[in-house]
Amino acid sequence: MRNSSRAFHVQVAVPVPVRQTYDYLTGGPVTTGTRVLVPFGRRTMVGIVVSNLDATTGFRLKPVKRVLDTRPALGQTMLKLLQWASRYYHHPIGEVLNTALPARLRTANQSENPDEETVYRAAPGLEPAVIEKSLGRAPRQKLLYDLIASYGWCSPGQIKAHDSGVANVRGILAALMNKGLLECRQRPAKTPDTEHTPLEASLTREQQQAIDSITACLGRFSTFVLHGITGSGKTEVYLHIAQSCIRLGKQALVLVPEIALTPQLVARFAQRFAAGVCMIHSNMTAQQRYLSWCNARSGRASVVLGTRSAIFTPLKNPGVIIVDEEHDISYKQQDGFRYHARGLAIKRASLSAVPVVLGSATPSMESMRNVDAGRYQLLRLSRRIGSARLPEVMLVDTKIFPLYQGLSAPLLEAIRYGLERQQQTILYINRRGFAPIVQCGNCRWRAGCDRCDAFLTYHQHTNTYRCHHCGKIIRAQTDCPECHQTIFYAGTGTQRIEKVLTQQFPKARISRFDRDRITTQKKLVQALHDINRGSVDIVIGTQLIAKGHDFPGVTLVGVIDPDRGLYSADFRAPEYLFQQLVQVAGRAGRSENPGRVMIQTAHPENPCLHLIQNQNFDRFYQYCARERETAGLPPFGYLLLWRAESTSATAGLKFLQFVSRIGRNLVKSNQLTDIAVMDPVSSPMEKLAGRYRAQLLVTAAHRKALHTLVSCWLEVVEKSPESRQVRWSIDIDPMEMF
């Protein structure tokens, strides 16, 4: 139906898996980045306005039902960042924009005014008898009411800071309001006190040079790689840079791989900047994340500290972006919108005209390649703080020193030596459970997961077999289900090491540090506290123990079974192994006592292990760079990975064969000679959680040509009926090939 009247209309991105926006009628322009409630098919959805058009419409448009924001939920810089991310990762714009919103704003909730806060006080004029009658059987309500009555006007945050011991403060406030015992009003939110504890007076020359270089660039875009060995004081550099921003009235955004694994860094920021720090991470409730989002957007938070999703947090006055442990694979989102937070941090810094700092003891190959190309500036911290020195690293040849249930004689003797001197030991083994092999010695039956192409691991403490991929758990059995002979358990996990050490050193205080034992943040904090106060002698840990912890009492680190990372099919495996071992080795010798690291290996001649032994990052980078440049692999080339999965064993491969034909035709017709479309193959783990998986790898020498190809490729594939027969996705710059 034609509509000849002149009207405004807006283009709205709706969170659906479609790579387009939709036009709706409005009474006038709506600021881009604003949330609107729109009809979409038979549903009503929340979308984001991405552009305004003042034109005569050719067809009758549906009107926007309601504008939800008085102020755009996404600022203009953030909107530009997300539109760029949608194009770069080739992900539907509506889903990308939706990802950047806190959960509360993904529904039709009105956004609160972040410049105001709700405050409460005891309702005046009430008789004591009325109050007593209302609260006589509600002790928690009475405790909170008495606190507010003595305090006067106060916010929920101030009540919580009072350490009242009352849980669910907001729920109790609502109950008191319903009883007429409180009254509330809105008031301008207080800007947090930016007073902070004094900075460390003595900095090393390298720390001061790094701080001076970065703070000199405040107010303009520049990318720095802060390569600091373990224990060299990177966190103190971050704190000084953040303080410089705050003095200029600006904010600092600090990204960490996992909040739970970096409690000491978080504690130092919280201690230094007190109320000016807000957190963004997945362990928070939706309301907590929303309040942090509001505090960051209004400028009340001077430091925003969070995991990869915190890159989407709005800032009123951005001053610097810091990415700690920038090499960590946790920054890559592995499903849905597959973005890399490090890449988005650099792009956001460019759009905001602020510096970005990429810190690590083992910088990624990509970052070092950009240093070589002159795009990033390298800053080094090559010495540990104070009298601490890097630990001595030894390779223990397990062909010469056979293992006793996973432990060699030299390592056992080193542990005994440390116990005699009341020094702490960390044993690193990146495998949970008791034994990864559950097998019959007679018929060779082996316990496998019927939902995955994986074997089950025996967990002795619960007497169960577990799949570490899909999470399936079954009760353990003593006899083989095929021939009824006795089952044996081979291989080593954290639980077996714990049992052996308990037998070898019965008086030692042993702590197992894995996700089976550390199941909550409270248990993590307690375990770290026990280690730091010296009430633990030996720590057995997985990657949980390797990242960012500072244990002054640890003088010995033993690495058990690192060889799996030496000959992996993944070309990044040596890099990941180097990063893991350097990180865990860095836990030793961080105080006045010298540290030692003992790596048990059957391949002591491996060049990667020799570079780890010498802790020579530059030579390791050159070693990997030569191999990758020859093969055209990142960071000297670019990758795209198509993935497909289905409950059918052949559907995914069949779909990717269809995709491959289209891709090769496009490469040929457009003469893209530097792009190679590989043959589709089953994934290294073909079956996962009951679904069969396949993948198709594409390599390119130039990024622009790859993106041009992908745009055309997706347009053809998405219009085909084959695309609706399997679950599929694309991954730009994949970090995992499995």
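Return the only residue of Y576, Y623 being among the aromatic types (F, W, Y), under 26 Å from the mean Cα position of the chain (by Cα) and outside any loop (DSSP other than H, G, I, E, B).
When all the criteria are applied, what remains is Y576.
Exactly one of (1) open to solvent by 50 Å² or more (accessible area, probe 1.4 Å); (2) at pLDDT below 95 is unmet by K499. Its number?
Here K499 meets the rest and fails (2).
What are the residues in the range 335-348 that are more than 14 Å from L82 (Cβ to Cβ) and under 10 Å from the mean Cα position of the chain (by Cα), if any?
Of everything in the range 335-348, just one residue is more than 14 Å from L82 (Cβ to Cβ) and under 10 Å from the mean Cα position of the chain (by Cα), namely H340.
Does the range 510-522 hold any residues that are surrounded by 15 or more Cβ atoms within 10 Å (Cβ to Cβ) and in a loop (DSSP other than H, G, I, E, B), and which are they?
Scanning the range 510-522 gives D514, D516, R517, I518.
Do you know which of the residues in the range 222-257 that are hydrophobic (A, V, I, L, M, F, W, C) and assigned to a helix (DSSP H, G or I) is surrounded by the fewest Cβ atoms within 10 Å (Cβ to Cβ)?
Restricting to residues being hydrophobic (A, V, I, L, M, F, W, C) and assigned to a helix (DSSP H, G or I), the top hit is I246.
For the range 450-465, which residues satisfy the criterion of being in contact (Cβ under 8 Å) with a residue 40 or more places away in the chain and either part of a loop (DSSP other than H, G, I, E, B) or in contact with a helix residue (DSSP H, G or I) (Cβ under 6 Å, 6 or more places away or on another chain) (or both)?
R451, C452, D453, A454, H461
Just to verify a result, which residue in the range 271-299, among those that are hydrophobic (A, V, I, L, M, F, W, C) and closer than 19 Å to E258 by Cα, is modelled with the lowest pLDDT?
In this case the residue turns out to be M284.
May I ask you to list pairs of residues, at least six apart or on different chains, whose Cβ atoms are under 6 Å apart, with the first in the range 603-626 being more than 17 Å from S364 (Cβ to Cβ) and open to solvent by 30 Å² or more (accessible area, probe 1.4 Å) and the second being among the aliphatic types (A, V, I, L, M) and assigned to a helix (DSSP H, G or I)?
Note: no pairs meet the criteria.
Are there strands (runs of 3 or more DSSP E) fully within the range 308-385 with at least 1 residues that are farther than 30 Å from N614 by Cβ and open to solvent by 30 Å² or more (accessible area, probe 1.4 Å)? List them. Talk me through it step by step, then tell me what you get.
On the way: elements: 318-324, 355-360, 377-381.
Passing ranges, in order: 318-324.
On the basis of being of a type outside the set (V, I, T) and either modelled with pLDDT under 90 or in a loop (DSSP other than H, G, I, E, B) (or both), does R587 make the cut? Before you say what the answer is, go through the steps one by one.
Numbers: of a type outside the set (V, I, T): yes; either modelled with pLDDT under 90 or in a loop (DSSP other than H, G, I, E, B) (or both): yes.
Taking the combined requirement at face value, the residue satisfies it.
Among (1) under 29 Å from the mean Cα position of the chain (by Cα); (2) modelled with pLDDT of 75 or more; (3) buried (at least 18 other Cβ atoms within 10 Å of the Cβ), where does A122 come up short?
(1)
Does T673 satisfy the criteria of being among the hydroxyl-bearing types (S, T, Y) and part of a loop (DSSP other than H, G, I, E, B)?
Answer is yes for this residue.
I need every pair where a residue in the range 711-731 that is charged (D, E, K, R) has its Cβ under 9 Å from the Cβ of a residue that is at pLDDT 95 or above and assigned to a helix (DSSP H, G or I), sequence separation at least 6 or different chains.
Hits for this filter: E722/K654; E722/F655; E722/F658; E722/V659; R727/G652; D731/Y89.
One residue is enough: does the range 640-662 have a residue meeting the conditions surrounded by 13 or more Cβ atoms within 10 Å (Cβ to Cβ), more than 20 Å from V717 (Cα to Cα) and in contact with a Lys or Arg (Cβ under 6 Å, 6 or more places away or on another chain)?
no
The values are calculated or read from the model by the stated rules, or taken from the named source; none is laboratory data. For clarity, every value in this text was computed on a predicted model and none was experimentally measured. Note: ideal-geometry Cβ built from the backbone for every residue, glycine included; neighbour counts use all protein chains shown. What goes into the accessible areas is simple: the full protein's heavy atoms, side chains included, and nothing from ligands, DNA or RNA. Shrake-Rupley method; radii C 1.70, N 1.55, O 1.52, S 1.80 Å.
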